[in-house]
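Enquirer: Please read through the structure below; I'll follow up with questions.
The values are calculated or read from the model by the stated rules, or taken from the named source; none is laboratory data. None of these values were measured; they are calculated from a predicted model. Because the Cβ atoms are built from the backbone with ideal geometry, glycine has one as well, and the counts that use them run over all protein chains shown.
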Amino acid sequence: MSAGTGPAAWTATGTATGGPSGTAAGTRVIPTVEDFTSAVVVDAYDDMINPPGLTNHVTTAQVDHDVLAVRSLNVPPVSQGDCVTGQLYLGGRLARSYGEPVECRWRPDRVTRRTTIDGWRIETTTVCPPGEPGVVVRAEVTNTAAHARELRFGAWIDSTVVRQDGPWLRAEPPQAANTMTVAGARRIGRPEDGSAVAVQGLVSGRGGEAADVAGTPRLVEERREVAAGETCVLAYVHTIGPDEATATAAYDRIARDVAGAIEASRAAWDASLAAMFTPGNPEFGGCLPVLETSDDALRTLYWWGALGVLWFRRDNPASVLGRTYDTLMPRYWQTTTFIWDYSLSSTVHALLDPGVMRRQITHWVGLDIERHFGTEWLTGGPVGYWYSVNHYAMTRLVADYLRYHGDRDFLAEAVTTPSGERRTMAENVRAWARAWHRIRSGSGLADYGGIDNLLECVSTYVHEVASLNAANVWCLRTAAEVAELEGGADAPAAAAQLRAEADALVPLVNALYVDGAGYFHARQPDGSLVETRHAYDFATVGTTIAADLPARQRREMVEFFVRELRTPSWMRALSPWDENAGYSVRADHQWNGAYPAWPPDSARAAIALGRPEVVLEWLDGLARSANQGPPGQAHFVEEAVTPIDGGARKTPPQLPYIIDWSCSSAGAWCELVLRGIFGIEVSLEGTVTAGGCIADLDPGARLRGLVVQGRTYDVGADGAVTASPA
């Protein structure tokens, strides 16, 4: 198993060095693609590696384990499924069969790979060119031998392209058997129903077609004499579309100027990164505040969270919802937005793209959130089964939108529910706050169902769990704030009743606590109590009802977190001392790793529970794990798999892990910085306060340009909140 022990920096067909694994960002406040340049990940055959993804916000793709191949090229509703194609043949032999490792490096605009096989040094750059339904891989091949010799450079072609206009309801994207035909140095793939076309081929360094000598449907190959020390350039181009004309036109545009496509990708990504932090930008409805800090780890994690949300922006014209933000990529659920994951980036969505957020909330209200976990944007329809978190997630989304925008008209906006009832948003918030009444057991707590309704891979974390019952306390109190904001003669009494219900619920939740241990039980339908040492209890209880807990319990909870969950550069979702640790190795919620929102949410919980130093001393290690692209759906802890250059390794996609390369809950890292470390709180009326632990980390740190309900604020490490002149 190869760890990330390659060279600290290398230049391959335009690769920039620096960023988290290279040059520090210094005092700059707006990142560029170079700031996200990953560590070198060394990928040998069948390693525990999740290859990096690419996107241009319409097209998504993933590189594969060799130096040329790509997979999972999808432009919904046209899909290649998880087809692996473009595998390199060198000297007439499948390149990966030589057993040489591939050094891989990612940044938002490109993936660079290199390897040396039989004296040929091969360096590639892969991008999804802006606006194009495809991917291009530029290859530089250098003869390192002392004499001239023949280069045989081939690409093995596969295609499973198909068009599916209906909803994509499975984790895996649609695909179909294709017939492959030869067209010079191009290969054309078509399904039996003729619904889509894929065009793939080799292009010479001058932009013309390669001189193909293979002539078979599966292989395109060029042969040429290469002098000692000489470098030749070729490119592999792959486009898909609903018809041959569309796919061919895109192929031709890319092939004519491969270098230009690579540069356009860099320029587009730099523009989007700058727009995220620029008021009045042309790309988003809002912006994030800029962070001024001398602390490299804090800056890295803040930028990591922002990039991780931008990564999932989808501007596909096929979307019936307009712009959306996907949840996973590039392997699974390409058209689906999960309510839970979206809510974990709620603060970023509210600040950055509030119009999209408002529309997404309204759309979900019009569906039955008690029967699905999200929606897909090709039809707008529901996907999956019920996630128990949905009422809490929706309340959080509405609250954050209101806090940052003061949109009282939104509270009065009426939406027809699936049952035919027409309710205002304020009425929905109250309904969600009390939805748990319908599933309340004899203990007085809500029973949140089975394994699929909760964490999916922890069989004991079921039924009456502390996390979501504590969240009900928070939802009731938030509904009280909303009632007061809405106003009316009945508002004071309604708010008081909601708060009284919340206060009465706290001791029932805390009855699940394991006294002296720092964690909670899950109560089963027969009344039995099962100890569950899970991060989701720690994070959710800590971020919703910390002030309601006695000091001793707060101390014990943090001690448990440090003792059994926190690791040097990541954390365990489940304690390895938990009896259920043997149940699964799915690393997002088990002992061998954690989902990307659990570390920042646990850190916010530790701060709320009174132990900020536990977080501040952890930041350097966490920042090391930002060295492989945006946060993965899960990262392994150090004991499970060797880290990559000190960073917790992303979990691979294959069984039994089934983990995607990136996940949209990355915005939780921004929330850790804003609400946790700077201590920013925004009331529904728009009052901004601060008072976190940032002064203990960087007394000179400052946030500039925080926009709240139309006013702009700067926030200092001393807790001072200064409004900019109107």
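Enquirer: Picking from 628, 654, which residue would you name as being at pLDDT below 95 and of a type outside the set (Val, Ile, Thr)?
Expert: From the options 628, 654, the qualifying one is 654.
Enquirer: While we're on this one: Kindly provide the set of residues from the stretch 311-332 that are of a type in the set (Val, Ile, Thr) and either at positive phi or part of a loop (DSSP other than H, G, I, E, B) (or both), ordered by number.
Expert: Listed by number, the residues that qualify are 320, 327.
Enquirer: Output the residues belonging to the stretch 267-315 that are out of contact with any Ser or Thr (no Cβ under 6 Å at 6 or more places or on another chain), charged (D, E, K, R) and over 30 Å from residue 378 (Cβ atoms).
Expert: Scanning the stretch 267-315 gives 292, 295, 296.
Enquirer: Does residue 533 qualify as being out of contact with any Cys (no Cβ under 9 Å at 6 or more places or on another chain), among the basic types (Lys, Arg), in the same structural domain as residue 600 (by TED's automatic domain parsing) and closer than 26 Å to residue 637 by Cβ?
Expert: yes
Enquirer: To continue, here is another question. Go through the stretch 178-217 and tell me which strands (runs of 3 or more DSSP E), entirely inside it, have 3 or more residues that are surrounded by fewer than 21 Cβ atoms within 10 Å (Cβ to Cβ) and without any contact (Cβ under 8 Å) to a residue 12 or more places away in the chain.
Expert: So the answer is none; nothing clears 3.
Enquirer: Here is a follow-up. Do you know which residues across the stretch 239-287 are crowded, with 17+ Cβ neighbours inside 10 Å, outside any loop (DSSP other than H, G, I, E, B) and of a type in the set (Gly, Ala, Ser)?
Expert: If the condition is that a residue be crowded, with 17+ Cβ neighbours inside 10 Å, outside any loop (DSSP other than H, G, I, E, B) and of a type in the set (Gly, Ala, Ser), then 241, 247, 250, 255, 261, 264, 265, 268, 272, 275 are the ones that fit.
Enquirer: Quick one: in the stretch 605-633, of everything that is surrounded by 24 or more Cβ atoms within 10 Å (Cβ to Cβ) and closer than 20 Å to residue 467 by Cα, which residue is nearest to the chain's Cα centre (by Cα)?
Expert: So the residue we want is 605.
Enquirer: Here's another thing I want to ask about it. Taking the stated definitions as given, is residue 121 surrounded by 16 or more Cβ atoms within 10 Å (Cβ to Cβ) and at pLDDT 95 or above?
Expert: Spelling it out, it is not the case that residue 121 is surrounded by 16 or more Cβ atoms within 10 Å (Cβ to Cβ) and at pLDDT 95 or above.
Enquirer: Now, a different point. So in the stretch 288-326, with the set limited to residues that are of a type in the set (Gly, Ala, Ser) and farther than 25 Å from residue 337 by Cα, which one is surrounded by the fewest Cβ atoms within 10 Å (Cβ to Cβ)?
Expert: Among those residues, the one meeting the criterion is 294.
Enquirer: Among the residues of the stretch 463-487, how many are outside any helix (DSSP H, G or I) and modelled with pLDDT of 95 or more?
Expert: The total comes to 3.
Enquirer: Of everything in the stretch 148-175, what is farther than 20 Å from residue 236 by Cα, touching a residue at least 40 places away in the same chain (Cβ under 8 Å) and assigned to a loop (DSSP other than H, G, I, E, B)? Give them in sequence order.
Expert: Residues satisfying the conditions are 148, 164, 165, 166, 167, 168, 169, 171, 172, 173, 174, 175.
Enquirer: Scan the stretch 581-597 and give yes if some residue there is outside any loop (DSSP other than H, G, I, E, B), buried (at least 21 other Cβ atoms within 10 Å of the Cβ) and more than 20 Å from the chain's Cα centre (by Cα), otherwise no.
Expert: Taking every residue of the stretch 581-597 in turn, none turns out to be outside any loop (DSSP other than H, G, I, E, B), buried (at least 21 other Cβ atoms within 10 Å of the Cβ) and more than 20 Å from the chain's Cα centre (by Cα).
Enquirer: Also: So which residues in the stretch 124-144 are among the charged types (D, E, K, R), surrounded by fewer than 24 Cβ atoms within 10 Å (Cβ to Cβ) and assigned to a strand (DSSP E or B), if there are any at all?
Expert: Listed by number, the list holds a single entry, 140.
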